[in-house]
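J.: Quick one: the structure is below, and I'll ask about it shortly.
No value in this document is a laboratory result; all are computed from the given coordinates. Treat the numbers as computed from the prediction; the structure is a model and nothing was measured. Here the Cβ positions follow ideal geometry from the backbone for every residue, glycine too, while neighbour counts run over all protein chains shown.
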Amino acid sequence: MSDVSRPPTAETRPQARTAVVIPAAGRGVRLGPGAPKALRALSGTPMLIHAVHAMAASRGVSLVVVVAPPDGTAEVKSLLDAHALPERTDFAVVPGGESRQESVRRGLEAVPPDHTVVLVHDAARPLVPVDTVDAVIDAVRDGAVAVVPAVPLADTVKEVEPAPVPGEPEPVVATPDRARLRAVQTPQGFDRATLVRAHETVTGEVTDDASMVERLGLPVVVVPGHEEAFKVTRPLDLVLAEAVLARRRLNDGF
Ligand code: C5P
C-alpha cells in the first residue's frame, strides 16, 4: 500500500479549524445578588475575559463565540474590545437563551462550517490551563467525536431519594464505586457535525453537552482535567479563584 492511500494520522491529517463556544448568559444566582456571573470581577478583570483568554491561549483555537446575557451583548462586545486578545483569534458575540443548552445552541449556529472541531467552555471556569484545552483539541483531532476533561473525586458520592422539603433527611439509595466516578469539567470538545446533530435531536434538560452525545449512542471519552478548571459557583469559589490568580502572579508574573 502506498503512503498516499493510508488513512491520515495525527501527523499527516490537515489541522482542523477549531472554534470555542463560551456560554456566559447565566445569572449565577448561587453566587449571590449582583451582575451576571460571567461579568463579575476576578482580580479586577471580568470572569468572562479570563475564560476567553484561557481559550485563546491555545494556538489551535481560531474563533471564540461568546454567548452573552441577552441584555448584555453590547457590554460584552466592548469588554472584548478593551482587553488585548491574540490577533490569530476571531471573536463573535451572540445573545443567549433561557437555558444553558439553548445558549450553546445559539453559539453553535454562529460557528462557520469550516470549523470542524467545536469546544464548549463555561465562562464560569475562568482558570482552565492551556494544556487542558490543547489535550481536548488533540483528542478530537485524533478522531474522538466527544471529549471531556475530568478529575477523580475526593468525596464519596451517595445517590439519595431527594426529600420533598429541602433540609430534611434523605434516604440513601446507593453508593457508586468512587474509583469509577469522575467530576467532569469544560472545555468539552466535539466533532462539529456530531454536536450539531445532538442539539437538533436531543430534548430535555441536560447539565453538559457530552451527555447529549451519549444519548445519541455515540462514544464520549475522558481526558485528564485540572484542579484549576473548577467552576466558580458559590462565593467561596471566588476566594479560591483569586488565590489561584495570586499564586500565578507570584510564580510567573501573569
Ligand atoms: O448555571 P451553571 O453554572 O451550570 O452555568 C454554566 C454556564 O452556562 C455558565 O457559564 C453560564 O453563564 C452559562 N449559561 C448560559 N445561559 C443560560 C444559563 C447558563 O449561557 N441560560
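J.: In nm², what is the average projected area of the convex hull enclosing the Cα atoms of the stretch 36-159?
T.: That works out to 9.6 nm², a quarter of the Cα hull's surface.
J.: Are there any helices in the chain, counted as whole DSSP H runs, that stretch 15 Å or more along their axis by Cα and score at least 0.5 on average by Kyte-Doolittle, and if so which?
T.: Those that pass (Cα extent of 15 Å or more, hydropathy at least 0.5) are 130-141.
J.: At q = 0.18, 0.32 Å⁻¹, what is the log10 ratio I(q)/I(0) for the stretch 195-235, with the Debye formula run over Cα points and no solvent?
T.: Relative scattering, expressed as log10 I(q)/I(0), comes to -0.66, -1.10.
J.: Another question, if that's okay. Treating cross-link reach as a plain straight distance, find the lysines whose alpha-carbon is under 25 Å from the alpha-carbon of Lys37, omitting any fewer than eight places away in the same chain.
T.: The reachable lysines, counting only those whose Cα sits under 25 Å from Lys37, are Lys77, Lys231.
J.: For the chain, give me the percentage of DSSP beta bridges that are antiparallel, rounded to the nearest 5 percent.
T.: Values: 13 of 33 bridges.
That works out to approximately 40 percent antiparallel.
J.: Project the alpha carbons of the stretch 82-223 onto their principal axes and report the range along each, largest first, in whole Å.
T.: 54, 37, 32 Å, listed from the longest principal axis down.
J.: In vacuum, with every alpha carbon of the chain counted as one equal point scatterer, what does the Debye formula give for log10 I(q)/I(0) at q = 0.09, 0.14, 0.18 Å⁻¹? Two decimals, please.
T.: One equal scatterer on each Cα of the chain leads to -0.42, -1.00, -1.54.
J.: Here is a further query. Of all trypsin sites (Lys or Arg not before Pro) in the stretch 54-140, which ones are in loop regions per DSSP and have a Cβ with at most 15 other Cβ atoms within 10 Å?
T.: Arg59, Arg88
J.: So what's the projected area for the stretch 121-160, the Cα convex hull averaged over all directions, in nm²?
T.: 4.6 nm²
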